[in-house]
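Here is the structure we will look at.
The values are calculated or read from the model by the stated rules, or taken from the named source; none is laboratory data. These numbers come from a predicted model, not from an experiment. All Cβ positions, glycine included, derive from the backbone under ideal geometry; neighbour counts span all protein chains shown.
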């Protein structure tokens, strides 16, 4: 039975969400919906009242989540229908990624839809029987109104319980078929790499670069795989297409030309108009990819974008005590859509002198492809002209053209700084911080930036001090009323990956040992009989075990963020090359084989796994720079600025557990570079050009 006549729970919603650790949940505490946070209580209540459960999964950065909160969930009739016939549960997908993953799969299996907001109708046992994404309060936008949906769901649950059971069985059957469809099919590394390579190149956009059509998402894992594939000689187009993709993105509106960093995705094929939320995970992965692309083909645009992304990450998401927040919202007010990030001509005219306005209009394509679809008077700034074209247009040298454009950008940044900024979620999540550790350590090495390395060290030290224990790993969320979230694979995987990179950059054994301990936890607690890693460790997980959380899930595909299974494999390979312990490489092999056996058709979404599969056959490059002075600095600089998919550079012989081949005799007179590929070492090198050639050769030809 539904409705108020069956009894109701006392409403304590103000107390339930007002003090929630999640910014997203707290933002819903003033709604008239009687929301429950994720847990056992709402499902027990639903069982007692014989009501369906509405599960709303969203995030504080999600534009359409705000639209649904501000329109649909603020509608009095929607609130009344939910109060009379449902138990409503609000879930933050960043705080509970394991819950989001399972309900995304269930809704997608039934409807083919997915994304945020996720709207799932479930039984009291947590099984989905209907669902979708965004619903307006009334019919419109080609979607049924939520009022009508709620009435029909309540009627169905009350009058046709058999139909509800059948729908839930459809979901179970679809998930079972999906699992069977991904049953292991033994695949060799070359076969797997060939399939992924072909699929990625088939999806490549030869006009605008990137992959697929609108909406167009960045795929950092695919970009890094293409770089590796080009290095290995897999497809002669791979390296160039990786470079072209990031170049188009850096010049596009998806990159914030004023404030730095990448927005989440582009709504058009040309990278002009983005969805404006800025995700910590996206920017960490794209920053890491930018460094590698800049090593492959150095460009001023890449160097500038690296610096701008580091500054945004440090100043906007950075916590002075250490660590990086999760995201910056797209909107700064109800009904807003990118107003903080976009510009009208009158706004530009009020800020810039006439010659500056002309420069900005031409450089940033004002009035062309960056116009907002819902408000053509507002413009997303993107680079329509290169530095060389600007210099020609202005009749000056390129450095002077860049200086003038930088002055324009500084004025725009100052003006934008006075606008109401979108909300920043400062929650410290381990998986996101692990990705930032990797990115900042990589960027610091390539740029020889001690401050960037110090920023990464502060984040690592805070997590290792306050949220880590060797026997259970790292917590998902750090800080707030209490740290929470043990037993999630992504946190262990990304933090281990970041700590390996930080250990190699700082040559500090404690980071390497912490990474090794995390990977031991992964091996002990997350490994399944099928050779893959579960996303949740049954013994360590401390979240509510309700709904579908106990169902095993194996995160293999990039989403487009790096898949945790692939991250573990890559961390093992990097650790093996850093310490010389082939046991870690041996542990990566069966995991890579298990991924390859199930990811054949995944294409672009297998980029992270394909990188690991390709990298395992690349002998690691270890370079030792001997001596001091300008010549030694030049050798170190060019080594760190040269692309190799598994490179470490040391100033002198490093201490244990860092390892060098026995064949590498150090202690000679410098300055010189000693380089080994695996266990094969080359003769000492004293010239930067020769060192670059040797690194790029991968050891296949004499220096």
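Of all residues in region 1-33, those being modelled with pLDDT under 65 and part of a loop (DSSP other than H, G, I, E, B) number 9.
For residue 658, state whether it is buried (at least 19 other Cβ atoms within 10 Å of the Cβ) and either at pLDDT below 90 or assigned by TED's automatic domain parsing to the domain that holds residue 584 (or both).
Numbers: buried (at least 19 other Cβ atoms within 10 Å of the Cβ): yes; either at pLDDT below 90 or assigned by TED's automatic domain parsing to the domain that holds residue 584 (or both): yes.
So residue 658 fits the description; yes.
In region 34-67, of all residues being in contact with a strand residue (DSSP E or B) (Cβ under 7 Å, 6 or more places away or on another chain) and part of a loop (DSSP other than H, G, I, E, B), the one that is surrounded by the fewest Cβ atoms within 10 Å (Cβ to Cβ) corresponds to 34.
If you go through region 94-133 and keep only what is over 19 Å from residue 550 (Cβ atoms) and surrounded by fewer than 22 Cβ atoms within 10 Å (Cβ to Cβ), you end up with 108, 110, 111, 112, 113, 114, 115, 116, 132, 133. If you go through region 461-515 and keep only what is in contact with a strand residue (DSSP E or B) (Cβ under 8 Å, 6 or more places away or on another chain) and assigned to a loop (DSSP other than H, G, I, E, B), you end up with 467, 475, 476, 479, 483, 485, 486, 487, 507. Selection over region 149-208 of residues that are more than 20 Å from residue 241 (Cβ to Cβ) and not in a helix (DSSP H, G or I) gives a count of 8. Does residue 317 satisfy the condition of being surrounded by 23 or more Cβ atoms within 10 Å (Cβ to Cβ), within 19 Å of residue 498 (Cα to Cα) and either touching a strand residue (DSSP E or B) at 6+ places or on another chain (Cβ under 7 Å) or without any contact (Cβ under 8 Å) to a residue 12 or more places away in the chain (or both)? It is true that residue 317 is surrounded by 23 or more Cβ atoms within 10 Å (Cβ to Cβ), within 19 Å of residue 498 (Cα to Cα) and either touching a strand residue (DSSP E or B) at 6+ places or on another chain (Cβ under 7 Å) or without any contact (Cβ under 8 Å) to a residue 12 or more places away in the chain (or both).
Only residues that are closer than 17 Å to residue 548 by Cβ and touching a helix residue (DSSP H, G or I) at 6+ places or on another chain (Cβ under 8 Å) were counted in region 38-55, giving 5.
Would you call residue 583 out of contact with any strand residue (DSSP E or B) (no Cβ under 6 Å at 6 or more places or on another chain) and not in a loop (DSSP other than H, G, I, E, B)? I'd like the intermediate steps shown before the answer.
On the way: out of contact with any strand residue (DSSP E or B) (no Cβ under 6 Å at 6 or more places or on another chain): yes; not in a loop (DSSP other than H, G, I, E, B): yes.
When the stated conditions are applied, residue 583 passes them.
Just the residues that are part of a helix (DSSP H, G or I) and either out of contact with any helix residue (DSSP H, G or I) (no Cβ under 8 Å at 6 or more places or on another chain) or modelled with pLDDT under 95 (or both), please, taken from region 597-614. Step through it out loud before you land on a result.
Keep residues of region 597-614 that are part of a helix (DSSP H, G or I), which gives 597-598, 600-614.
Residues satisfying the conditions are 597, 598, 600, 601, 602, 603, 604, 605.
The set of residues in region 68-82 that are assigned to a helix (DSSP H, G or I) and either without any contact (Cβ under 8 Å) to a residue 12 or more places away in the chain or buried (at least 18 other Cβ atoms within 10 Å of the Cβ) (or both) comprises 68, 69, 71, 72, 78, 80, 81, 82.
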